[in-house]
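The structure under discussion appears below in the form of structure tokens.
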Amino acid sequence: MSSEVTMASDFPAKISGRTQYVDDLHLPGELYGGIVRSPHPYAKITRVDIREAQQVAGVKAVITGDNVPHHAYGPTVYKDWNILACEKVLFVGDEVVAIAADSRDALRQALDKVVVEYEALEPILNPHAALQPGAAVLHEAVPDNRPVKIEFERGDVDKAFAQAYIVRSGRYTTNRIYHGHLEPIAVIANWDEQDGLTLWAGSHIPYRARETYAAAFGLPEEKVRINVPPIGGSFGAKYVLKVHVIAAALSMRAGAPVRIALDRYEDMLTAHPRVPLEIDIRIAADKDGHFLGKDVVVYGDAGARIYWSPNVLASACTRADSLYQFHNVRAKGNLCYTNNSPTTCMRGFGNAEMLFAVENVIDEIAEGLGMDPAQLRLQNIVHKGDTTIGGYHLDSCELEACIRQVITLSGWARRRDFKKYHGLGMAIGNHVSGYRGIDPRFDGSTAVARLLASGRVEIETGEIDLGQGMSGTYAHIAARVLGIDPSFITVQSGDTGRYPFGIGTLASRSTVMGGNAVKQACERLRNELANWVKQHYGPTAVLTGGGVEVGQEQHALAEVARDFISCHGGDAFSVKETYTPATELPDRTLYGNPSPSYPFAAHVAEVEVDPDTFRVKVIGYWAVHDAGMVLNRPAATGQVVGGVAQGIGWVTMEDFKVSQGQVQNRSLLDYRMPGSSDVPPVTVEFLETEDPNGPFGAKSVGEMAIDPVPGAISNAIAHALGVRGHDLPLAPERLWRIMQEQPQV
Amino acid sequence: MAWYQPQELTEALDMMATREPVIVCGGTDVFVNWLRRKQQFQGRDWLDIHRIQSVREIRRVEDGLLIGAAVNAAEIWQSPICNAIPSLQEAARVVGGWQIQNRASIAGNVANASPAADMMVPLFALGARVVLQSVQGERRIRIEDFVLGPKQTSILKHELITHIHIPETGLFAPQTFLRLDQRGGTDISLVSVAVVAKVDRQASHVNIVVGAASPKPFSVPMAEEMVHKDAASDVMKRVAALYAAHAAPITDVRASADYRRAMVGVLVERGLGKVLLAPQTTTG
């Protein structure tokens, strides 16, 4: 049931509806699981009565906080998770009771019959409230409600600002964004005394999920196995999830497989959105437009538990320091617990959020100096060979060329002649190709390459294809090393019980980390096979793409494979290789070189704003990327176009509207995402040079695609209106209000 | 529970009188979020009217146009007969997405009486009548009297909407429908307006109807009167301001009342400008 994708692509199966997602899978005797959730953002549980629910015909298990284990666990170093709530609920949607029944109707009836009484408490709804003296403590281990505090200064920021000719500053806020995965969260869990716990679940970091779930039940890791069927979109939503744990707890109780599949309402009610950030930023420059310093204070809303918000905050505080030469930088980051649904990573991972602020402030400096914003960027960016102030080693960097090319492609010079309500905006960005700090223990990747009896080559990886084209890219890499057609390669992944360990698909790491492992494994397979054929067929035997040549004699690869198997007791030729990048674990100030390579991009957006309704229409978009050498062009281009589309939604319409901790717009009718008519043709260009650390010179592209988008579109809107919005989304009503507040001319 | 698909209207009316079924045509409203809503329909019979030929036709009649209850949005915007009422066609073109337009019926839009319904707004501006039948006979009622408020109509227990009648006056009159939504397609309106206006020496009528900004589509007769007398652009501004002042919008997850009210003014002015400042063509 694991995902099997060849270079021939997963598209036909997905488009024709043949792909089997979690909800399409069924186990004999499976039960339907459901969850009774808190309607309060913060409350004491005063009574739980499950007796009537237990009486409903078809109900096989009803569990509460009283009959599940209470080990300290969680997917990161912050062990603040539970399985079900006991004394208090911490957010709307917090899980109190779970039920498994043999039909959906029985489940629904039983869920309705559970009685939970609460004593509502005053909720903490934003980071500042969390830090108020006397605020309720949400987790005993963190008495100040601030699990993460980041503070560093490199250089002398106060001195830099004292010497500045121009300083521009502002408070920028980024919002709660729904990942918008087509496939809602779903899981099937099966407990077996002998084999332990097996889950079928969409997770693109299944080995971390295994570690976390084992800890939740006090099981050894080898007693948990996670199968990952094809994932119907994630963008960061499908890492490690409480729903998976609860399904497992129900299965243990019921002694049968339990499936939980959220519908869209529950998926949105309980969604762990993009971490909302409040960013106070100022940037200083001299009179010629050379940056002197950057100073940021960031508050992040973790919600009621820690998912990946600490890493998001860290990216927000650091990444832009390796995009521009600020010379002096300071950051203070505060991550706070609140009674909102826990927030987590989403494509762009704090970097896109900070770049929204940085790129707007840079445009303001350009305005202040009467400079072209593109020129201001050009004279302050990082270059190949730099070690940045944050410690990144830039072994490749085509950022300057990206900016120059996007100037040409977009017709940037037109900008001067635009009338009001017509704008052109630029933003640039950088990202990582894997991040050392995600798992300090290991940040590489392992791959197995195997010559099957059919002559096909099978690649096993611990990384996960979540629809981004990873398997196609690995097939391409393997084919290139082995000199065979990619259609002869099968890429296998998504079963922690069968395939090698992997950190998973996050931090845009799959092409470089997993790709290097695949390349190494295939090189070894090729070299060892070349030696073996000389032993077996004679010293003149030569391995070619299609098989072996011995003088005039030809042996097809399938024949070679079978000969090898015959000589080795039935074992296919198989090698395993691990790639370990030469990265540095960031130090306590987050300084270090955390990734083997850094992609860059320069984007330009063109907008028209309706002068009365303030509807923004993005009418043109140009994206020039340095992703190293491009290995899978359709997928890479698709990543950029998709990132731009997602960014258009983020900036112009998407927003979880939350009142008293409760998501108000929990349907796709009320949470608007862009459709195809909201996305203009996107011109995508890759400036290809080889990065020395990537497989065949490749770098990442997935998150880089969205990083500059909020900055580019918001700068275009500011250019169109002559007024700058600071709070995402810049939806029509918000722009209308900003314009209402302007003094009338 | 049973699902009835009669082919004759009389059969349907008999069922209405005896079994009080839930009337369904496209199902684009009643089946949304079905799993969470199905309990409220427990034990009810269903009457699917879309096999009844007489309610599926669009016909030119002596005193206007007759649109069958089961005619769907796509049929309306594709129908040459409906070219006489382009404002309804414009509304039909933006109802939901294509799949919805292929199912959503005009009578369903009217019977559902959502304040944000698209097709209802031009029907108000065209002076449409709702034709209702029961075993007792037929009655015709002005649409503004039929729709009482959000999800409320004056339909009687055993009645079925069979047709929507568009009177002669609106046919081929200059008209438009404008909608403010949140994205480029498959959306729900924040505010909408339909303008049907013919201002010349012989005959003059002006209907300006605003949707999604009050419990039901509304017009301001005093403001319409101003346009009769003078269609200069500053008059349009004043008319727009009057409409904005008379709107009773709500604040919800899609927009605030303030923004909706301001947009009523914007859309009314745009609608009037489009209809009255465009060169008028006489057809029909």
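The values are calculated or read from the model by the stated rules, or taken from the named source; none is laboratory data. The structure displayed is predicted, hence computed values, not measured ones. All Cβ positions, glycine included, derive from the backbone under ideal geometry; neighbour counts span all protein chains shown.
Results for (1) crowded, with 21+ Cβ neighbours inside 10 Å; (2) within 30 Å of A:Ala479 (Cα to Cα), shown as yes or no for each residue.
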residue: A:Val406; (1), (2): yes, no
residue: A:Arg414; (1), (2): no, no
residue: A:Asp417; (1), (2): no, no
residue: A:Gly423; (1), (2): yes, no
residue: A:Ala427; (1), (2): yes, no
residue: A:Ser433; (1), (2): yes, yes
residue: A:Ala449; (1), (2): yes, yes
What's the number of the only condition in (1) surrounded by 24 or more Cβ atoms within 10 Å (Cβ to Cβ); (2) under 21 Å from A:Trp650 (Cβ atoms) that A:Asp267 fails to meet?
(1)
What number of residues in region B:86-121 are among the basic types (Lys, Arg) and either outside any loop (DSSP other than H, G, I, E, B) or over 30 Å from B:Ala17 (Cβ atoms) (or both)?
1
Residue by residue through region A:38-67, note down the ones that are crowded, with 18+ Cβ neighbours inside 10 Å and under 22 Å from A:Asp102 (Cβ atoms).
A:Ile50, A:Ala53, A:Val56, A:Val59, A:Lys60, A:Ala61, A:Val62, A:Ile63, A:Thr64
What residue, of B:Val227, B:Val199, B:Val209, is in contact with a Phe, Trp or Tyr (Cβ under 7 Å, 6 or more places away or on another chain) and more than 11 Å from chain A (Cβ to nearest Cβ)?
B:Val209
What's the number of the condition A:Met629 fails, among (1) more than 14 Å from every other protein chain (Cβ to nearest Cβ); (2) more than 21 Å from the chain's Cα centre (by Cα); (3) among the aliphatic types (A, V, I, L, M); (4) crowded, with 21+ Cβ neighbours inside 10 Å?
(4)
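Answer yes or no: is there a residue in region A:204-218 that is under 22 Å from the mean Cα position of the chain (by Cα), assigned to a strand (DSSP E or B) and either free of Cβ contacts under 8 Å to residues at least 12 places away in the same chain or surrounded by fewer than 24 Cβ atoms within 10 Å (Cβ to Cβ) (or both).
Checking region A:204-218: not a single residue is under 22 Å from the mean Cα position of the chain (by Cα), assigned to a strand (DSSP E or B) and either free of Cβ contacts under 8 Å to residues at least 12 places away in the same chain or surrounded by fewer than 24 Cβ atoms within 10 Å (Cβ to Cβ) (or both).
In this structure, is A:Thr461 buried (at least 19 other Cβ atoms within 10 Å of the Cβ) and hydroxyl-bearing (Ser, Thr, Tyr)? First the steps, then the outcome.
On the way: buried (at least 19 other Cβ atoms within 10 Å of the Cβ): yes; hydroxyl-bearing (Ser, Thr, Tyr): yes.
Judged against the criteria, A:Thr461 is a match.
Can you name every one of the strands (runs of 3 or more DSSP E) wholly within region A:465-583 that holds 3 or more residues which are surrounded by fewer than 22 Cβ atoms within 10 Å (Cβ to Cβ)?
On the way: elements: A:489-493, A:547-550, A:553-556, A:573-579.
It comes to A:547-550, A:553-556, A:573-579.
Yes or no, residue by residue, for (1) more than 27 Å from A:Pro594 (Cβ to Cβ); (2) in contact with a Lys or Arg (Cβ under 8 Å, 6 or more places away or on another chain):
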site: A:Leu451; (1), (2): yes, no
site: A:Thr473; (1), (2): no, no
site: A:Leu482; (1), (2): yes, yes
site: A:Gly504; (1), (2): no, yes
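Let's see how each residue does on (1) surrounded by fewer than 23 Cβ atoms within 10 Å (Cβ to Cβ); (2) among the hydrophobic types (A, V, I, L, M, F, W, C):
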residue	(1), (2)
A:Thr652	no, no
A:Asp655	yes, no
A:Val658	yes, yes
A:Val663	no, yes
A:Pro680	yes, no
A:Glu688	yes, no
Being outside any helix (DSSP H, G or I) and facing chain A (nearest Cβ under 8 Å) is the filter here; which residues of region B:245-278 pass it?
B:Val253, B:Arg254, B:Ala255, B:Ser256
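Quick grid of which residues meet (1) assigned to a strand (DSSP E or B); (2) within 11 Å of another protein chain (Cβ to nearest Cβ); (3) of a type in the set (Val, Ile, Thr):
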site: A:His625; (1), (2), (3): yes, no, no
site: A:Ala635; (1), (2), (3): no, no, no
site: A:Val684; (1), (2), (3): yes, no, yes
site: A:Glu688; (1), (2), (3): no, no, no
site: A:Pro692; (1), (2), (3): no, no, no
I'd like the full set of residues that are touching a Phe, Trp or Tyr at 6+ places or on another chain (Cβ under 8 Å), within 19 Å of B:Val206 (Cα to Cα) and crowded, with 24+ Cβ neighbours inside 10 Å, limited to region B:78-93.
B:Ser87, B:Leu88, B:Ala91
Given A:Gly293, A:Gly333, which one is under 17 Å from A:Leu590 (Cβ atoms), outside the structural domain of A:Gly661 (by TED's automatic domain parsing) and either assigned to a strand (DSSP E or B) or touching a His at 6+ places or on another chain (Cβ under 7 Å) (or both)?
A:Gly333
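For region A:78-190, give me every one of the strands (runs of 3 or more DSSP E) that falls completely inside it and has 3 or more residues that are surrounded by fewer than 18 Cβ atoms within 10 Å (Cβ to Cβ).
Values: elements: A:95-101, A:115-120, A:148-154, A:166-173.
Per the criteria, A:115-120, A:148-154, A:166-173.
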Look at A:Cys397 and say whether it is outside any strand (DSSP E or B) and in contact with a Lys or Arg (Cβ under 6 Å, 6 or more places away or on another chain).
yes
Of the criteria (1) among the small types (Gly, Ala, Ser); (2) at pLDDT 95 or above; (3) closer than 26 Å to A:Gly233 by Cβ, which one A:Gly469 fails
(2)
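Going through A:Arg305, A:Arg347, A:Arg319, A:Arg377 one at a time, which residue ends up being within 20 Å of A:His719 (Cα to Cα) and among the basic types (Lys, Arg)? Give the steps one after another, and end with the answer.
Working: A:Arg305 fails: within 20 Å of A:His719 (Cα to Cα); A:Arg347 fails: within 20 Å of A:His719 (Cα to Cα); A:Arg319 fails: within 20 Å of A:His719 (Cα to Cα).
Of the residues listed, the single one that is within 20 Å of A:His719 (Cα to Cα) and among the basic types (Lys, Arg) is A:Arg377.
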Which residue out of A:Gly34, A:Gly29 is within 22 Å of A:Asn190 (Cβ to Cβ), in contact (Cβ under 8 Å) with a residue 40 or more places away in the chain and not in a loop (DSSP other than H, G, I, E, B)?
A:Gly34
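Condition check: over 23 Å from B:Ala91 (Cα atoms) and within 14 Å of chain A (Cβ to nearest Cβ). Does B:Lys237 satisfy that?
On the way: over 23 Å from B:Ala91 (Cα atoms): yes; within 14 Å of chain A (Cβ to nearest Cβ): yes.
Yes.
On the given criteria, is B:Gln175 within 14 Å of chain A (Cβ to nearest Cβ), under 28 Å from B:Ala262 (Cβ atoms) and polar (S, T, N, Q)? Spell out how you get there, then give the answer.
Working: within 14 Å of chain A (Cβ to nearest Cβ): no; under 28 Å from B:Ala262 (Cβ atoms): yes; polar (S, T, N, Q): yes.
It is false that B:Gln175 is within 14 Å of chain A (Cβ to nearest Cβ), under 28 Å from B:Ala262 (Cβ atoms) and polar (S, T, N, Q).
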Elements of type strands (runs of 3 or more DSSP E) contained in region B:1-85, each with 1 or more residues being within 22 Å of B:Phe177 (Cα to Cα) and at pLDDT below 95
none
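Being within 14 Å of another protein chain (Cβ to nearest Cβ), in a helix (DSSP H, G or I) and surrounded by fewer than 23 Cβ atoms within 10 Å (Cβ to Cβ), is that true of even one residue in region A:703-724? Can you show your working first?
Just the residues of region A:703-724 that are within 14 Å of another protein chain (Cβ to nearest Cβ), to begin with: none.
Within region A:703-724, not a single residue is within 14 Å of another protein chain (Cβ to nearest Cβ), in a helix (DSSP H, G or I) and surrounded by fewer than 23 Cβ atoms within 10 Å (Cβ to Cβ).
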Residues of region A:637-664 being more than 9 Å from chain B (Cβ to nearest Cβ) and assigned to a loop (DSSP other than H, G, I, E, B), which ones?
A:Glu654, A:Asp655, A:Phe656, A:Gln660, A:Gly661
Among the residues in region A:665-676, are any within 14 Å of chain B (Cβ to nearest Cβ), in contact with a Leu (Cβ under 8 Å, 6 or more places away or on another chain) and either on the phi < 0 side of the Ramachandran plot or touching a residue at least 60 places away in the same chain (Cβ under 8 Å) (or both)?
yes
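Yes/no per residue for (1) in a helix (DSSP H, G or I); (2) within 14 Å of chain A (Cβ to nearest Cβ):
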| position | (1), (2) |
| --- | --- |
| B:Leu123 | yes, no |
| B:Arg140 | no, no |
| B:Ile155 | no, no |
| B:His165 | no, no |
| B:Arg179 | no, yes |
| B:Gly185 | no, yes |
